[in-house]
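One structure below.
The values are calculated or read from the model by the stated rules, or taken from the named source; none is laboratory data. Owing to the predicted nature of the structure, the values given are computational and were not obtained by experimental measurement. Reconstructed Cβ throughout: ideal geometry from the backbone, glycine too, with neighbour counts over all protein chains shown. Ligands, DNA and RNA are excluded from the accessible area calculation, which covers all protein heavy atoms including side chains. Shrake-Rupley method; radii C 1.70, N 1.55, O 1.52, S 1.80 Å.
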There are 2 protein chains.
Amino acid sequence: MSEVIQKAKLAGTTAPVLNRLTTKQKNDALLAASNALLANADAIIAANGEDLERGRNDGTSDSLLDRLKLDQSRIAGIAEGLRQIVELTDPIGEILETIERPNGLHIQKKRVPLGVIGIIYEARPNVTVDAIGLCLKTGNPVVLRGGSSAISSNKKIVEIIHHALETTAVPVEAVQLIEDTRRESVDVMLRANGLLDVVIPRGGSALIQNVVQNATVPVIETGAGICHTYVDESANAQMALDIAINAKVQRPSVCNAMETLLVDEQFAANHLLSIAEAMQDAKVELRGCPETRKLLPSAKEATEQDFATEYNDYILNVKIVSGLDEALAHIAQFGTKHSECIVTENKEHAEHFLQEVDAAAIYHNASTRFTDGFEFGFGAEIGISTQKLHARGPMGLPALTSTKYIIQGTGQVRP
Amino acid sequence: MSEVIQKAKLAGTTAPVLNRLTTKQKNDALLAASNALLANADAIIAANGEDLERGRNDGTSDSLLDRLKLDQSRIAGIAEGLRQIVELTDPIGEILETIERPNGLHIQKKRVPLGVIGIIYEARPNVTVDAIGLCLKTGNPVVLRGGSSAISSNKKIVEIIHHALETTAVPVEAVQLIEDTRRESVDVMLRANGLLDVVIPRGGSALIQNVVQNATVPVIETGAGICHTYVDESANAQMALDIAINAKVQRPSVCNAMETLLVDEQFAANHLLSIAEAMQDAKVELRGCPETRKLLPSAKEATEQDFATEYNDYILNVKIVSGLDEALAHIAQFGTKHSECIVTENKEHAEHFLQEVDAAAIYHNASTRFTDGFEFGFGAEIGISTQKLHARGPMGLPALTSTKYIIQGTGQVRP
């Protein structure tokens, strides 16, 4: 029996136990885990050192090594993250609906754990702790499959958390780490119907596409974001500049960053140059449509391929449009239904945009960078769903729950 | 370009239009469709006659022919079903959550259509109309792929509804019927990522397993039900008899019918014989565990395979258990997380059962046959979800919706 099957089954055996735990029991376990991570920070840093050394020998890029790296301050942040999850309201057991039927049946829709959750992710070892915290708080066993680059860190972290759980009501087996980092172990997870209730991929688009294309277990798709900001004719020029700069350069590597700026032609005539200058000052490479390049001859040409690319980098497409309708058509064609923004002082245009755009998060006069569980006030985030089923947009604790109907009768039978 | 791709794309083009329609516009379209079905009942019956004749020539079973058959009264029922959908509350546009952030961002979570919905189903042509009604009411374009046995009926029904929609605000293209009934057309649907937002299979377990195993588009799994009734020591004997008989014989062919009766050993000693007699009077074949066969020597032996089988027929497994714990263990091993029941007068046992069992619907003192959108008061049902993601149990109109976040700002950028 493969490691994945064995560990997924073992995780599953703890589901009824987790389902019975009180909020305090779950919180105590998270606090124990948090304390153990702090107390064993040196051991984690040593294990992480092995990953970093292997990475350097393999020629891993500096930015990836930075994601991988753990130090005292980062471990303190990770441990603090667990304590923040303790503070969140436990959604389990909530009665979402009560139905009284004419035949006397009393029906309650109750929030319950989702089941065994598989998380497939890449280099960042903080995801290991995040996922454990969010899954345990919602009463779900978790099967973790991190990337090979962080395997020493992940093994040490899970070892420490397992040890900490021994003194708590949470069974150690509720947290499983797949140590086989060959691609085959992912394939087995993706087809573990009956053992995994859902798989959530967290990582780059290649990882996510592999999961979506090959999974027979239910998946919550996360990730890809080709986000647009449309600056309308009536936009406040300073606001448009601030929002555009923030959406592009505050953190270009993430999914809610802007990839394409759509500008109304009237606004462009008066204000595009100042936006372009600010972008160039921020080291952003501009690629423009033909109209844009008339105003900004230094910009490269933006091809259809460019408009369909999630750069996650200091590159921005700029397209001048004849107005709201052309902006909406462009977004419908190239958007990935993640986050879209209109900057305008025209209320009708804003309402039309908010109604018409099909995306997880649609902004009027604010940066798309706010699409985030913490920024939405959820206090946590297991990822940002880009699908329409189950959960859409930033996913907090309720996204890790399901429901069941409980029906109380007095002997009713169906006529 | 295949028929499926072409029609799914065409359906998708109508999504923004449907999303804009008022409830009245959608209701008017459903009423027009309902009236058109009634006015053209003769043409539908004629087309249905072709299907029936082909079925008889192919040696189709009588029960399947009965499912396929349409007459004036069934068409009246189908048309009435559309009018019932008109009466239901339109979930679209509902604000599910409002969040005010300290930075002044105003966030609303709004209910929106799910998108293009693919329905893959078998012989019953009433599903064609049901699915059209439920999808249009929730603003979703629909791509229908019915079975070859009902293709003439389906084509005629869709032709009539298309014609009726011409005079309404609902675009004709919002309803697409795949006329290619080869298996390949299902395969294309299952991999139409980006064109279909979800596929819902409705039919037997082979159809559902094919969908689950091969789809890369999101799926809502429906169907399989190995449902148990556990009769506890303290059960009211008459109630236990009534519920067991109802759960087994009121309609054995459906997913919420009972397949296995679990009986506490004390209760069995006093009352199993009378339940067995009533089952045999109702032509139910009994298969028992060794203990059962001591009391009922005429029962066949129930094998492990039997306990894992959804008979959908007049066959019942009977197992005598030592009490609640053994019943729970049996359900955890063989249940399909559909509908489970405990009959007991012991409140603690009932609470333990309702808490512990992992299923879509869990009953105390009522027949599992109530797991149904109409019986739950939803006024409609697109199917019964047996998965934990998105929707669980009977699915009414809200199961055909998604959400989007609308964020209103005054120039906020992320620090």
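Residue by residue, here is whether (1) more than 19 Å from B:N154 (Cα to Cα); (2) more than 27 Å from the chain's Cα centre (by Cα); (3) among the hydroxyl-bearing types (S, T, Y); (4) not assigned by TED's automatic domain parsing to the domain that holds B:V254 holds:
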{"residue": "B:T13", "(1), (2), (3), (4)": "yes, yes, yes, yes"}
{"residue": "B:S61", "(1), (2), (3), (4)": "yes, no, yes, yes"}
{"residue": "B:K69", "(1), (2), (3), (4)": "no, no, no, yes"}
{"residue": "B:E80", "(1), (2), (3), (4)": "no, no, no, yes"}
{"residue": "B:I95", "(1), (2), (3), (4)": "yes, no, no, yes"}
{"residue": "B:E100", "(1), (2), (3), (4)": "yes, yes, no, yes"}
{"residue": "B:N103", "(1), (2), (3), (4)": "yes, yes, no, yes"}
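Which number in (1) more than 26 Å from A:I78 (Cβ to Cβ); (2) not in a loop (DSSP other than H, G, I, E, B) marks the one condition that A:P201 misses?
Checking A:P201 against (1) more than 26 Å from A:I78 (Cβ to Cβ); (2) not in a loop (DSSP other than H, G, I, E, B), the one that fails is (1).
Against the conditions (1) assigned to a helix (DSSP H, G or I); (2) within 13 Å of chain B (Cβ to nearest Cβ); (3) touching a residue at least 24 places away in the same chain (Cβ under 8 Å), where does A:K156 fall short? Just the number, please.
(2)
Looking at (1) crowded, with 24+ Cβ neighbours inside 10 Å; (2) within 13 Å of another protein chain (Cβ to nearest Cβ), find the lone condition where B:A174 falls short.
Condition (2) is where B:A174 drops out.
List, please: which pairs have Cβ atoms under 9 Å, are six or more places apart or on different chains, and start with a residue in region A:354-373 that is more than 7 Å from every other protein chain (Cβ to nearest Cβ) and end with one that is among the aromatic types (F, W, Y) and crowded, with 24+ Cβ neighbours inside 10 Å?
Close Cβ pairs satisfying both conditions: A:T371/A:Y363.
Tally the residues that are among the aliphatic types (A, V, I, L, M) and open to solvent by 10 Å² or more (accessible area, probe 1.4 Å), restricting the search to region A:240-251.
Initial filter on region A:240-251 (among the aliphatic types (A, V, I, L, M)): A:240-241, A:243-245, A:247, A:249.
Adding the requirement that they be open to solvent by 10 Å² or more (accessible area, probe 1.4 Å) leaves A:241, A:245, A:249.
Residues that pass the stated criteria total 3.
Considering (1) open to solvent by 30 Å² or more (accessible area, probe 1.4 Å); (2) assigned to a strand (DSSP E or B); (3) more than 23 Å from A:A359 (Cβ to Cβ), say which one A:L286 fails and leave the rest.
So the condition that A:L286 fails would be (1).
Within region B:146-167, can one find any residue that is buried (at least 23 other Cβ atoms within 10 Å of the Cβ), under 30 Å from A:V212 (Cβ atoms) and at pLDDT 95 or above?
Checked region B:146-167: at least one residue is buried (at least 23 other Cβ atoms within 10 Å of the Cβ), under 30 Å from A:V212 (Cβ atoms) and at pLDDT 95 or above.
Each row is one residue, and each column tells you yes or no for (1) among the hydroxyl-bearing types (S, T, Y); (2) more than 15 Å from B:D264 (Cα to Cα); (3) modelled with pLDDT of 95 or more.
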{"site": "B:D281", "(1), (2), (3)": "no, yes, yes"}
{"site": "B:T292", "(1), (2), (3)": "yes, no, yes"}
{"site": "B:K300", "(1), (2), (3)": "no, yes, yes"}
{"site": "B:D313", "(1), (2), (3)": "no, yes, no"}
{"site": "B:E326", "(1), (2), (3)": "no, no, yes"}
{"site": "B:C341", "(1), (2), (3)": "no, no, yes"}
{"site": "B:T344", "(1), (2), (3)": "yes, no, yes"}
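Restricting to region A:3-20, what's the tally of residues that are out of contact with any Pro (no Cβ under 9 Å at 6 or more places or on another chain), closer than 20 Å to A:V112 by Cα and in contact (Cβ under 8 Å) with a residue 60 or more places away in the chain? Steps first, please.
Of region A:3-20, the ones out of contact with any Pro (no Cβ under 9 Å at 6 or more places or on another chain) are A:3-7, A:9, A:16, A:20.
Now restrict to residues that are closer than 20 Å to A:V112 by Cα: A:9, A:16, A:20.
Now restrict to residues that are in contact (Cβ under 8 Å) with a residue 60 or more places away in the chain: A:9.
Qualifying residue count, region A:3-20: 1.
Could you say whether any residue in region A:251-259 is touching a Phe, Trp or Tyr at 6+ places or on another chain (Cβ under 9 Å), closer than 21 Å to A:D325 by Cα, assigned by TED's automatic domain parsing to the domain that holds A:N365 and in a strand (DSSP E or B)? Lay out the reasoning, then the answer.
If we filter region A:251-259 for residues that are touching a Phe, Trp or Tyr at 6+ places or on another chain (Cβ under 9 Å), which is where we start, we get A:252, A:256-257, A:259.
With closer than 21 Å to A:D325 by Cα added as a condition, the list becomes A:259.
If we keep only those that are assigned by TED's automatic domain parsing to the domain that holds A:N365 as well, we get A:259.
Okay, now just the ones that are also in a strand (DSSP E or B), so A:259.
Within region A:251-259 (the criterion being touching a Phe, Trp or Tyr at 6+ places or on another chain (Cβ under 9 Å), closer than 21 Å to A:D325 by Cα, assigned by TED's automatic domain parsing to the domain that holds A:N365 and in a strand (DSSP E or B)), the answer is yes, since at least one residue qualifies.
Please go through region A:211-238 and give me each residue that is within 13 Å of chain B (Cβ to nearest Cβ), touching an Asp or Glu at 6+ places or on another chain (Cβ under 9 Å) and of a type outside the set (A, V, I, L, M, F, W, C), ordered by number.
Passing the criteria: A:N214, A:P218, A:T229, A:N236.
When you go through (1) touching a helix residue (DSSP H, G or I) at 6+ places or on another chain (Cβ under 7 Å); (2) open to solvent by 40 Å² or more (accessible area, probe 1.4 Å); (3) within 29 Å of B:T336 (Cα to Cα) one by one for B:A237, which number turns out not to apply?
Only one criterion in (1) touching a helix residue (DSSP H, G or I) at 6+ places or on another chain (Cβ under 7 Å); (2) open to solvent by 40 Å² or more (accessible area, probe 1.4 Å); (3) within 29 Å of B:T336 (Cα to Cα) is unmet by B:A237, namely (2).
Given the options A:A206, A:A269, A:A244, A:A278, name the one that is under 26 Å from A:N312 (Cβ atoms), more than 14 Å from chain B (Cβ to nearest Cβ) and not in a loop (DSSP other than H, G, I, E, B).
Working: A:A269 fails: under 26 Å from A:N312 (Cβ atoms); A:A244 fails: more than 14 Å from chain B (Cβ to nearest Cβ); A:A278 fails: more than 14 Å from chain B (Cβ to nearest Cβ).
The unique qualifying residue is A:A206.
Taking B:E340, is it acidic (D, E) and either on the phi > 0 side of the Ramachandran plot or in contact (Cβ under 8 Å) with a residue 40 or more places away in the chain (or both)?
Values: acidic (D, E): yes; either on the phi > 0 side of the Ramachandran plot or in contact (Cβ under 8 Å) with a residue 40 or more places away in the chain (or both): yes.
So B:E340 fits the description; yes.
Going through region B:320-335 one residue at a time, which ones are open to solvent by less than 40 Å² (accessible area, probe 1.4 Å) and out of contact with any helix residue (DSSP H, G or I) (no Cβ under 6 Å at 6 or more places or on another chain)? Reasoning before the result, please.
Here is the first cut: in region B:320-335, the ones open to solvent by less than 40 Å² (accessible area, probe 1.4 Å) are B:320-321, B:323-324, B:327-328, B:330-331, B:334-335.
B:G323, B:A327, B:H330, B:I331, B:G335 - these are the residues of region B:320-335 that are open to solvent by less than 40 Å² (accessible area, probe 1.4 Å) and out of contact with any helix residue (DSSP H, G or I) (no Cβ under 6 Å at 6 or more places or on another chain).
Can you name the number of the only condition in (1) within 7 Å of chain B (Cβ to nearest Cβ); (2) more than 30 Å from B:S234 (Cβ to Cβ); (3) modelled with pLDDT of 95 or more that A:F307 fails?
Here A:F307 meets the rest and fails (1).
Kindly indicate whether any position in region A:354-366 is within 18 Å of the chain's Cα centre (by Cα) and at positive phi.
At the first step, the residues of region A:354-366 found to be within 18 Å of the chain's Cα centre (by Cα) are A:359-362.
Cutting the leftovers down to at positive phi gives us none.
Scanning region A:354-366, I find no residue that is within 18 Å of the chain's Cα centre (by Cα) and at positive phi, so the answer is no.
Can you name every residue in region A:389-402 that is open to solvent by 20 Å² or more (accessible area, probe 1.4 Å) and facing chain B (nearest Cβ under 8 Å)? If you could, list the steps in order and put the result at the bottom.
Just the residues of region A:389-402 that are open to solvent by 20 Å² or more (accessible area, probe 1.4 Å), to begin with: A:390, A:398.
Hit for region A:389-402 is A:H390, nothing else.
If you check A:A36, A:A47, which single one turns out to be farther than 26 Å from A:G204 by Cβ, more than 14 Å from chain B (Cβ to nearest Cβ) and either open to solvent by 20 Å² or more (accessible area, probe 1.4 Å) or of a type in the set (G, A, S) (or both)? Full working, then the answer.
On the way: A:A47 fails: farther than 26 Å from A:G204 by Cβ.
Of A:A36, A:A47, the one residue that is farther than 26 Å from A:G204 by Cβ, more than 14 Å from chain B (Cβ to nearest Cβ) and either open to solvent by 20 Å² or more (accessible area, probe 1.4 Å) or of a type in the set (G, A, S) (or both) is A:A36.
Which numbered condition in (1) over 18 Å from A:A247 (Cβ atoms); (2) facing chain B (nearest Cβ under 10 Å); (3) open to solvent by 40 Å² or more (accessible area, probe 1.4 Å) is the only one that A:I407 fails?
Failed condition: (3).
Give me the pairs, please: first residue somewhere in region B:177-199 and over 16 Å from B:Q213 (Cβ atoms), second residue anywhere and basic (K, R) and open to solvent by 60 Å² or more (accessible area, probe 1.4 Å), beta-carbon distance under 8 Å, and either six or more positions apart or on two chains.
Partner pairs satisfying both residue conditions: B:L177/B:K155; B:E179/B:K155; B:L195/B:K9.
Would you confirm whether or not region B:122-132 contains a residue that is touching a residue at least 60 places away in the same chain (Cβ under 8 Å), under 19 Å from A:R392 (Cα atoms) and surrounded by 16 or more Cβ atoms within 10 Å (Cβ to Cβ)?
no
What are the residues in region A:294-318 that are open to solvent by 90 Å² or more (accessible area, probe 1.4 Å) and either among the acidic types (D, E) or without any contact (Cβ under 8 Å) to a residue 40 or more places away in the chain (or both), if any?
Looking only at region A:294-318, we keep the residues that are open to solvent by 90 Å² or more (accessible area, probe 1.4 Å), and these are A:294, A:297-298, A:300-301, A:304-305, A:314.
Within region A:294-318, A:K294, A:P297, A:S298, A:K300, A:E301, A:E304, A:Q305 meet the criteria.
If we keep just the residues of region A:379-388 that are in contact (Cβ under 8 Å) with a residue 60 or more places away in the chain and open to solvent by 10 Å² or more (accessible area, probe 1.4 Å), which is nearest to the other protein chains (Cβ to nearest Cβ)?
To start, the set of residues in region A:379-388 that are in contact (Cβ under 8 Å) with a residue 60 or more places away in the chain comprises A:379-380, A:382-387.
Next cut, open to solvent by 10 Å² or more (accessible area, probe 1.4 Å) only: A:379, A:384, A:386-387.
On the way: A:G379: 12, A:I384: 11, A:T386: 11, A:Q387: 6 Å.
Result: A:Q387.
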